[in-house]
Amino acid sequence: MSDWVADPRIRWRILLTARLAAAPGPDEARLLGQRLQRLAADHDWPDARPAGQRAVERADDLGALRARLAEEDRTPVVLGLAGPCLVVSAHHAWVDGLGLLDVLAAVTDTAVSSGARGVTGRPQAGGFLGSAVRRLGEVAFAPPARAALPGVVPAPGDAFAVASVPGHHGTARLVHAAAQGLVHHNRGAGRRTRHVAVAIGAARREETPAGAAPRIADRSELLRLRDVEDLDLGAVERLVREAPTQPPVGTGGAAGGRVVETALRVLAPRLGSSMLVSHLGRVTAPGVADLAFHPVTAGGTGLSLGAVGIEDRTVLGLRARRSQWDDASLAALLDALAASLTDPA
């Protein structure tokens, strides 16, 4: 955590929602909290919650629970229950997307697994300064496309939407659908869409010794594809396989790096990718009827699309800032993305 450097304006919590077979009773909820406390102790995670706060929050409304747990500031992992739905909220400094699955496995005492391969061993796209200067050049010459905003009354916090589509769709199909769905959405608003840039959240996988529990940490990596709206699915698939990882903004180090880092943050509203996409892979989770993943609202647009494959379907989770989107408008945008995924034509 001491090396964590990130834009403080971004809500750096990631959420995983698991719909269990039945709503946990008081004893089961207490057991979930006890397992989380053991997990936190094993990983030396600090507990930054106010004294006396329950280990597992409860709410009647799932949307309200997601919104509240997304605002938790410093505690590495918190849990919430709304009926049969268990929400795992983690700060990205401590846990990455695949780590959410490890937390779910630990607190439910089940064997949760994913077929995601990760990006272990993939080369990085040069150093921090070179990458940052290239990103700054976008501001002047080809700023990333933005989604046409619906004109809602601004409100604090984040909005969340979930949709399920049949079949299993990998990261490349998700990226392609995000680009085409954004074009379709903007066309409906009378706007031309150029320079769609998609950031892809991924992670390095580490081998776990036989019989040992996985060590949970932030091993996230970022890939970035530009001008995706002009590419067919085959081209996107090749780029997803071959794209190098991007150096994180917080590693500039030298004085020149700090200057560029400051410029990146100041220009973030014009510079960030059109959308962040992150896929947890095809997941097996005993006792879990459904899963939904919501990555961080990073980038200038604040739009993030998460995906998880479970049973015979892919569940999509779209997240955005309530300063720009409400529940209805975000659900409509997710419908456009889902339609592009299931019917690219």
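The values are calculated or read from the model by the stated rules, or taken from the named source; none is laboratory data. Since this is a predicted model, take the numbers as computed values, not measurements. All Cβ positions, even for glycine, are placed from backbone atoms using ideal geometry, and neighbour counts span all protein chains on display. To get the accessible areas, we keep the full protein, side chains included, count just its heavy atoms, and leave off ligands, DNA and RNA. Shrake-Rupley method; radii C 1.70, N 1.55, O 1.52, S 1.80 Å.
Key figures for this structure:
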{"quantity": "Selection count, the range 307-318, where residues are without any contact (Cβ under 8 Å) to a residue 40 or more places away in the chain and in a loop (DSSP other than H, G, I, E, B)", "calculated": "1"}
{"quantity": "Inter-residue pairs, beta-carbon under 9 Å, first more than 17 Å from Pro154 (Cα to Cα) and in the range 319-345, second small (Gly, Ala, Ser) and open to solvent by 40 Å² or more (accessible area, probe 1.4 Å), 6+ apart", "calculated": "Ala336/Gly188; Ala338/Ser164"}
{"quantity": "Matching strands (runs of 3 or more DSSP E) fully within the range 41-117 where at least 1 residues are modelled with pLDDT of 90 or more and under 24 Å from Leu222 (Cα atoms)", "calculated": "77-82, 85-91"}
{"quantity": "Evaluation of Gly99 against (1) open to solvent by 50 Å² or more (accessible area, probe 1.4 Å); (2) out of contact with any helix residue (DSSP H, G or I) (no Cβ under 7 Å at 6 or more places or on another chain) (one fails), failing number", "calculated": "(1)"}
{"quantity": "Test for Gly306: is it within 15 Å of the chain's Cα centre (by Cα) and at pLDDT below 95", "calculated": "no"}
{"quantity": "Restricting the range 162-191 to residues that are over 16 Å from the mean Cα position of the chain (by Cα) and part of a strand (DSSP E or B), the residue that is surrounded by the fewest Cβ atoms within 10 Å (Cβ to Cβ)", "calculated": "Pro166"}
